[in-house]
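Structure, as structure tokens:
The values are calculated or read from the model by the stated rules, or taken from the named source; none is laboratory data. Quantities reported herein were computed from a predicted structural model and do not represent experimental measurements. Reconstructed Cβ throughout: ideal geometry from the backbone, glycine too, with neighbour counts over all protein chains shown.
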Amino acid sequence: MESTNKLEPTEPLKASLQKKVRPAEIFIQGFLFLCGALSIMITASIIYSLGKEALPFFTRQQWEEVNKELMAPVNASQTNILLTSGGTKLIAEDIIRLQDELMEVVTVSEDGIIVQRGIQGTNAIAHLKGVDLFLEKSVSLKEFFLKKDWNPQIGKFGIWSLVNATMMTSIIAILVALPLGLSTAIYLSEYASVKVRSTLKPILEILAGIPTVVFGYFALTFMTPVLRAIFGVNTVEIYNTASAGIVIGILILPLMASMSEDALTAVPRFLREGAYSLGATKLETALKVVVPAAFSGIMAAFIVSISRAIGETMVVAIAAGAGPAFTFNPFKSAETMTGHIVRISGGDISYDSLDYNSIFAIGLMLFLITLGLNIFSQSIVKRFREVYE
């Protein structure tokens, strides 16, 4: 008869298998949780601040001078108003302002306009001849996202001139940083010895520690003269997006190279050895095996680098030019979103004014662009991520 006795764990063994309370680990876990929660709260606070200050830009009632004035005095009950010719054309349902009184245009005729007096809680009062007329000008999302003329002071709110300049400098930057950064990463990962890699990588990353204002003056005093010497003084303006974009590419080069090198180094060794065993050269192995295997990491480096390029401020503020201009010529002056924020912020700007709120509207647009890039990068990384066992 076979024995059916089972070994029972001893009491000391049972005690050792029980979960123990470790105060140090509980403290570390709580600290890490607080750090994560704090980062989320900071991000939410930034979004709240941007939205809170940008909302008045789209909702506040603003006024534009129409270059018309009263041809004759108007009493408190009169609805027929005679205006001088020229200036901005009025249409029915327009909201106009004479001094402190608001009116709504009912009809427009050759003899003047018929209005409804004292709307929005204002009082109908008498007005003297020569009083200037103002037209309500509110910022619509349609104009903000579809127009290309930006000058809030004269009622132009098309963001695309600023977005276009930002995209131009960012595209030029990534055209510089992507090939150079990826080539550097391939060399450090596949060709350089341990000693060479440990020497060159810190030297490369020194670029990340140089103040961006220095890069800005480097673009203005070195890169622009080089471009003007190559393409001609009459072709390349002193302030241009090409020199700013090239220098931004140099600025983000360490980020692109370092992240790509980390992704390439993380590719398992057996993939390389398998390629070598089939007779592949080192270059073929790097380009046809290692780079595709690390594609998700390289794509993440690309997205992070272009996000950094879009958010760069001092280089474009110094070298790209001041004043919004919708142009696709990289040798012309154009103002980016961050450059415009710097220029407006550096002036005598009043709190809660139109210019003040426009800064946050532009900042919110920048946030949406970078958010979209990050969402796109996450989808790419998940799609092409390789898992090796």
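Data overview
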| read-out | value |
| --- | --- |
| Answer from Ala54, Ala44 - the residue that is surrounded by 10 or more Cβ atoms within 10 Å (Cβ to Cβ), in contact with a Phe, Trp or Tyr (Cβ under 7 Å, 6 or more places away or on another chain), in a helix (DSSP H, G or I) and modelled with pLDDT of 80 or more | Ala54 |
| Test: residue in the stretch 282-297 that is surrounded by fewer than 19 Cβ atoms within 10 Å (Cβ to Cβ) and under 24 Å from Leu371 (Cα atoms) | yes |
| Close pairs (8 angstrom Cβ cut-off, 6 or more residues apart or separate chains): over 22 Å from Ser170 (Cβ atoms) and in the same structural domain as Val176 (by TED's automatic domain parsing) in the stretch 281-304, assigned to a helix (DSSP H, G or I) and of a type in the set (S, T, N, Q) anywhere | Ala286/Ser189; Val290/Ser189; Ala294/Ser260 |
| Flag if Lys137 is within 19 Å of Ala325 (Cβ to Cβ), modelled with pLDDT under 90 and in contact with a Gly (Cβ under 9 Å, 6 or more places away or on another chain) | no |
| Any hit, the stretch 159-176, residues being more than 19 Å from the chain's Cα centre (by Cα) and surrounded by fewer than 12 Cβ atoms within 10 Å (Cβ to Cβ) | no |
| Scope the stretch 98-109; condition surrounded by fewer than 18 Cβ atoms within 10 Å (Cβ to Cβ) and part of a strand (DSSP E or B); matching residues | Glu104, Val106, Thr107, Val108, Ser109 |
